[in-house]
1. Report, by chain and number, residues whose modeled amide H sits under 5 Å from the one on Arg263, excluding near sequence neighbours (fewer than 5 apart, same chain).
2. Once you sort the root eigenvalues of the Cα gyration tensor of segment 26-101 as a ≥ b ≥ c, which label holds: rounded (a/c under 1.5), prolate (a/b larger than b/c) or oblate (the other case)?
3. Give the long-range amide H neighbours of Gly209: residues separated by 5 or more places, or on another chain, with amide H under 5 Å away, using H modelled in the peptide plane at 1.01 Å from N.
4. GNM, the chain, Cα, under 10 Å: largest mean-square fluctuation among Glu272, Glu194, Glu126?
5. For Asp89 and Asp112, what does the FRET efficiency come to when R0 = 41 Å and r is the distance between their Cβ atoms, rounded to the nearest 0.05?
6. Name the residue, out of Lys356, Lys267, Lys313, whose mean-square fluctuation peaks in a Gaussian network model built on the chain with Cα pairs under 10 Å.
7. So which aspartates and glutamates pass the test for Lys183, namely a Cα distance under 13 Å, with those fewer than 8 places away in the same chain ruled out?
8. Could you work out the relative contact order of segment 26-101? I mean the mean sequence separation of Cα pairs under 8 Å and 6+ apart, divided by the number of residues, in percent.
Amino acid sequence: MAEGGRLPGAPAPAERVVLHVDMDCFYASCERLRDPSLRGEPVVVGMGYEDGETIGAVATASYEAREYGVESAQAISTALDRLPRRRDDPDDPESAHYRPVDIDYYAEVSADVKAILHELADTVREVSIDEAYLDVTERTDWSVAEGFARHVKQRIEREVGVPASVGVAPNMSTAKIASDHDKPDGLVVVPPAEVRSFLAPIDVGDVHGVGPVRARELRELGIETAGDLADSDPYELVERFGERGRELHDRALGRDDRPVEPRGDPKSLSRESAFDGAVDDHERVREQAATLAEAVAERATRRNALYRTIGVKVVTPPYDVHTRERSLPGPVDEPDLLRDVADELLGEFDGESVRKVGVRVSNLSFTADDQAKLGGFGDESERDGDRGERDVPLSRDRDRRGGGQASLGDF
Ligand code: DCP
Ligand code: MG
């Protein structure tokens, strides 16, 4: 069968034009928008940082500050060692302006940027406060994709006043690598015929789905680049990394047919994790489920979601998927109840070998306040796909599961 499961002789589907837009050093750029005297100067934005203090962590640093080794997630005290406060010595060019995070202001700037993106594309997937995918296949063509992407950048710059980097490719994962490829102020276009050669030299750690742990494992196998990964035997990758191995191989080849879908409110929230082999110890399974329940509850709270149905998923060898769920009389946000119900549902599997366990809430309703949070930084569900080590939402497993279990719920 032809690539992508097409029947022989069927016409090839038109190659999509997908843009990934990622704002440059976003919080720092917002600070510059508000205070133009910061333009061209090193700027460090600190989370949990207060003016004049040394506590907190770097949320972002302008590219000028990055030259001195200041980077996201670093302690402010470390950043100060590398780049002292400008105020302490106003004449020292090797110093930076430090600002505390002002998320409300950044959310306003972000909303202005997103409004432009929605004007320019019918399909926009907002990923975080400073990042979105656009499917513009209907509006443009590969022959003029570069001009279109430049127009997107220019409109953001002119109308909002903050810089963006844009990647254009036939799919999401390649577009994301492209937007990151020439930051800041980047514009990288990867037409369909160039996807393989563009990806080949990319560091394996930058392949979609490869986190730091998996990158190390791949390097141990001598796989340093996306090209090495693409040239690897997919069966060996599956043997080593499970089904995820196939996905990694596909991504390295630039194959990714996920549609660009707007996010909206999720239908369910879930977490699952696999054991290292099968586990017979029911206590261990229960403990793991309690941890997952806690993570799901946290996610629900963060998204202002109430849930009415609580479910568990248990995978037993070889790959049999079992799901059980219970509906409550009304929607709740009660972490303890979530944990207890999940625990009870698991009781049935006492004495079984378990490879994987998952916890899920569904039948969600959303409280009205603070919807802005849904698209904000820290909303991590999108990052599930971006970091290999994260747990995959249970709902993604639906397609992989064999038939015959539909009555057990819709995990
Ligand atoms: N952020 C944060 N803590 C982190 C990473 C990021 O608070 N560990 C915040 C600050 C960033 C914003 O999220 O400005 C967007 O994240 P990005 O990863 O896109 O980083 P930047 O936009 O700052 O830089 P880049 O130019 O590399 O995209
Ligand atoms: Mg960014």
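1. Amide H neighbours of Arg263: Glu126.
2. On the way: a/c = 1.32, a/b = 1.09, b/c = 1.21.
Taking the square roots of the gyration eigenvalues as a ≥ b ≥ c, segment 26-101 is rounded.
3. Arg387, Gly388
4. Glu194
5. Result of the calculation: an efficiency of 0.70.
6. Lys267
7. In chain and number order, the partners are Asp22, Asp24, Glu64.
8. Details: 149 pairs, mean separation 25.2, N = 76.
Relative contact order of segment 26-101: 33 percent.
The values are calculated or read from the model by the stated rules, or taken from the named source; none is laboratory data. This is a predicted model, so every value here is computed, not measured. Cβ: placed from backbone, ideal geometry, glycine included. Neighbour counts: every protein chain shown. When the accessible area is computed, the model is the full protein with side chains, heavy atoms only, and any ligands, DNA or RNA have been set aside. Shrake-Rupley method; radii C 1.70, N 1.55, O 1.52, S 1.80 Å.
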